Amino acid sequence: MLKPYLHIGITQTMGRGVFTSKAIPADTIIETAPVIVMDKEDRLHLDKTKLHDYIFEWGKDNSQCCMALGLVPMYNHSYTSNCEYIMDFETDLMYIQTVRPIKKGEELTINYNGDWNDETKLWFDAK
C-alpha cells in the first residue's frame, strides 16, 4: 500500500527524495512495503555494491538484511526525521509512519539508525 499523494522529487542537497502533495497527520502509516530478505552471505556481496546504501539490517538479531520495495529506498536520512520505519519480521513487511504532522510539499525522511530521533553518527557522517 502506497498513499497516492506520495511522489519522488528532487531535493536541494541529496538528489531524489520522497515528498507529499498533501498535509498528513501525525501517526499515519503512509506506506506498507514488502521486503526481500537475504542472509549474511548475500550481505557480504551487497556491501560491495551501490545497494549497500539501500539495504536494511533485518531480523530480531540483525543476522539478515533486506531490500525494501516501494518508495522505502528513496526516503532520505535525517537525525530528526518526520517519519519512522517499522519492521514486521513475521510478515516480511516494512511500514513508514509519520511521527509528527507533515506539511503539503514537505520531504518525508527517516532516520537510518532506526529510531526517528537517534543522533548517532552514520557511516557517511563519521569524521
Handout entry: Size of charge dipole - the range 6-110 - debye, nearest 20, with Cβ of Lys, Arg +1 and Asp, Glu -1, no other charges
Key = 540
Problem - Three-way shape call for the chain based on the alpha-carbon gyration tensor, with the a/c threshold at 1.5 - result: prolate
Problem - FRET E, pair D42, T80, Förster distance 35 Å, beta-carbon r, rounded to 0.05 - result: 0.65
Exercise for the section: Divide by every residue of the chain the summed helix terms, -39500 (n - 2.57) for each DSSP H run of at least 4, and state the resulting mean residue ellipticity at 222 nm, rounded to the nearest 500 deg cm²/dmol. Expected result: -1500 deg cm²/dmol
Exercise for the section: Compare the peptides 61-74, 12-25 by average per-residue count of other Cβ atoms within 10 angstrom and give them in order, highest first. Expected result: 61-74, 12-25
Completion exercise
Expressed as a whole-number percentage, the relative contact order of the range 6-110 with C-alpha contacts under 8 angstrom and at least six residues apart is 39
Completion exercise
Summed over the other residues with a beta carbon less than 15 angstrom from that of K104, with K and R at +1 and D and E at -1, the charge totals +2
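A short reminder: the numbers here are calculations on the coordinates, not readings from a lab. These figures come from a predicted structure and were not determined experimentally. Virtual Cβ from ideal backbone geometry, glycine too; neighbours counted across all protein chains shown.
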